[in-house]
1. Would you mind telling me which numbered condition in (1) touching a residue at least 40 places away in the same chain (Cβ under 8 Å); (2) of a type outside the set (Lys, Arg); (3) touching a strand residue (DSSP E or B) at 6+ places or on another chain (Cβ under 6 Å) B:Thr100 fails?
2. Being of a type outside the set (Gly, Ala, Ser) and under 11 Å from the mean Cα position of the chain (by Cα) is the filter here, so list the residues in region A:71-98 that pass it.
3. Has region B:1-17 got at least one residue that is under 13 Å from B:Val116 (Cβ atoms) and of a type outside the set (A, V, I, L, M)?
4. Among the residues of region B:75-91, is there at least one that is in contact with a helix residue (DSSP H, G or I) (Cβ under 8 Å, 6 or more places away or on another chain), farther than 22 Å from B:Gln146 by Cβ and buried (at least 16 other Cβ atoms within 10 Å of the Cβ)?
5. Checking the conditions here, which among B:Ala56, B:Ala113, B:Ala103 is in a helix (DSSP H, G or I) and either facing chain A (nearest Cβ under 10 Å) or surrounded by 20 or more Cβ atoms within 10 Å (Cβ to Cβ) (or both)?
6. Hey, A:Val63 hits all of (1) closer than 23 Å to B:Ala38 by Cα; (2) touching a residue at least 24 places away in the same chain (Cβ under 8 Å); (3) within 10 Å of another protein chain (Cβ to nearest Cβ) but one; which does it fall short on?
7. Residues of region B:38-53 being surrounded by fewer than 14 Cβ atoms within 10 Å (Cβ to Cβ) and part of a helix (DSSP H, G or I), which ones?
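The values are calculated or read from the model by the stated rules, or taken from the named source; none is laboratory data. Keep in mind that this is a model prediction, so the values were computed, not measured. We place every Cβ from the backbone using ideal geometry, glycine too, and count neighbours over all the protein chains shown.
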Amino acid sequence: MSAEPLATEVALPLIPEIVRPKSATRSTVDAPTIEKETRAEEALDVPWHVVVHNDPVNLMSYVTMVFQRVFGYPRDKAERHMLEVHHKGRSILWSGMRERAELYVQQLHGYLLLATIEKIS
Amino acid sequence: MEIRRRKNQIEISELDPFLAELLRQIPASANTEGAPAAEQRIFSPPINGKETELCAEWKMYVEPELRRLFQTATQTVGADLEQLNGNEKSLANHTLHIPTKHADAWLSALNQARLVIAAKNNFTELELNDHLHSPIGSRRDLSLFQVNFYGFLQEFILGELDW
């Protein structure tokens with residue numbers, strides 16, 4: 001059974017962006033053109049999901065506490081994810097860069113939760 | 001058995017010898033040695049499918065760190081449990097004091113033990129949720145009771161924690 005993400009932070013690829021100061025429209029001097037740095041490598045590598053899977057042993061209150069601690073979610077959001085895991089078998093807790101997703105999974109394993117990363121297809 | 005919060009400690013008093021023995025068994029119960037199913041559950045893969053490179057890296061770098069983390073927790077709990085090895089008469093009731101700063105270690109060790117016991121016995125979700133189970137009549141029943149007793153302690157500690 002697939003689960004709908006309740007709320008995820010999708011990291012969007014960073015694209016080159018040209019920023020002009022607002023005051024430039026009234027100036028007689030050409031405003032400098034500032035190009036923001038592109039992070040192409042990371043942009044190619046997004047996004048990944050952090051998925052937590054159901055486990056009949058872990059207590060519901062414990063799972064809620066772990067979600068609060070690891071992701072900093074408020075209690076009601078953590079409980080919604082916990083209930084999604086319980087009823088649907090899995091919940092997407094976070095989405096974004098692979099490196100950070102792996103770090104989250106490592107933390108979740110440290111709390112003995114069944115968690116994996118999944119590439120968004 | 002009574003369990004209550006007293007300032008910076010969780011006090012479990014009126015522990016009869018049977019429950020005290022179950023508590024003493026927490027560190028041993030958390031040991032995955034010789035139980036592949038338990039080992040697989042405690043050190044689950046970080047990805048489903050065939051990402052062999054990530055799984056290999058995980059085994060090499062992450063697993064040893066997790067082992068250390070889990071071992072530290074069971075050692076902390078083991079040290080707290082030494083209170084139960086006093087010179088009291090073996091059939092007397094015991095009292096155990098758990099410093100609240102050890103609460104995380106206890107949550108981890110209790111969870112490790114519950115997961116390992118459940119994996120070794122291959123308990124179903126139905127069995128785990130059957131809180132009106134009949135009296136202990138077999139080794140399997142005793143293991144199920146142990147999982148539920150540890151779960152009860154976890155619930156109490158969670159209730160006393162400031163998240």
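1. (3)
2. Answer for region A:71-98, where residues must be of a type outside the set (Gly, Ala, Ser) and under 11 Å from the mean Cα position of the chain (by Cα): A:Phe71, A:Ile92, A:Leu93, A:Trp94, A:Met97, A:Arg98.
3. no
4. The answer is no, given that none of the residues of region B:75-91 is in contact with a helix residue (DSSP H, G or I) (Cβ under 8 Å, 6 or more places away or on another chain), farther than 22 Å from B:Gln146 by Cβ and buried (at least 16 other Cβ atoms within 10 Å of the Cβ).
5. Answer to the check: B:Ala113.
6. Result: A:Val63 fails condition (3) only.
7. Listed by number, the residues that qualify are B:Gln40, B:Thr52, B:Glu53.
Table: residues versus (1) under 24 Å from B:Phe123 (Cα atoms); (2) at pLDDT below 95; (3) part of a loop (DSSP other than H, G, I, E, B).
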residue: A:Leu6; (1), (2), (3): no, yes, yes
residue: A:Thr25; (1), (2), (3): no, yes, no
residue: A:Val29; (1), (2), (3): no, yes, yes
residue: A:Glu41; (1), (2), (3): no, yes, no
residue: A:Val52; (1), (2), (3): yes, no, no
residue: A:Lys77; (1), (2), (3): no, no, no
residue: A:Leu93; (1), (2), (3): no, no, no
residue: A:Leu103; (1), (2), (3): no, no, no
residue: A:Leu108; (1), (2), (3): yes, no, no
